[in-house]
Structure formats: structure tokens, C-alpha cells
Amino acid sequence: MTQRALTVTVTELSVSDLCQLEHIEEHVVAEVVEHGIAEPLAGEAIDEWVFDGTSAHWIKKAVRLHQDLEIDWIAVSLVIDLMQQKELLEQENERFRIQLGRFMD
């Protein structure tokens, strides 16, 4: 049996990099973190925060929801939570389809 190495790349972004890349202000990132939408991987103070790619993805979505739909951060937090749950259920559903396909063949 041949084993293949799995390579995983984790993107880490500082707050300043994230803000520059997504054209958002630091105080907006602080709002997102304060409402539990994303959590920094490291850092105590905001200028020390580091985020992974997944958190950056959800921060971007949260900011767009807040700006485009003009809803408050509490509502954004609820919407993001539902979106994350939906994504997890879709992934789980796909795994079950694959497993079921093995039994059907």
C-alpha cells in the first residue's frame, strides 16, 4: 500500500495584513471578535492578533453582511453561526453520501 503525504497550508494573517487585504478598519475586526464571530489564534492586544484563513473568511463575510444589509453585529453573529452550521452539515452530508456510495456499488 502506498502512502501519500498530506500537505496542509495554514494561512496566518496579522490584523494589519487582514485590514489591508480586506480594506477594513481595526475597530471593525475588534467588533467581529467581540461578538464571537471570529477568534484570533494568538495575541492579547488587537495589534498582536493573528487569524487563520478560516477566521479571515468569516470576518470578510461578517463585514459584508453588516455593510450590505445594514444589520447590527448581534444579527450578523447569528447569521454567521447559521452559515457555519449549514456548512458543517453539508460537509457531513457529503461524507455520508460517499460512505453510502461504497455500500451501493
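Every number here is computed from the coordinates shown, using simple stated rules; none is lab data. All values reported here derive from a predicted model rather than from experimental measurement. Here Cβ is always computed from backbone atoms with ideal geometry, including for glycine, and neighbour counts include all displayed protein chains.
Remark: the I98-H27 segment gains 21.2 nm on full extension, using 0.36 nm per residue and subtracting the alpha carbon distance. Start at zero, step by 10 Å, and the Cα-Cα distances of segment 52-105 spread as 23, 36, 22, 15, 6 percent across the bins. As a size descriptor, the averaged projected area of the C-alpha convex hull of segment 12-104 was calculated at 7.1 nm². In this simple spin-label model, placing a label point 7 Å from the Cα along the Cα-to-Cβ direction at both D68 and E34 gives a separation of 2.4 nm.
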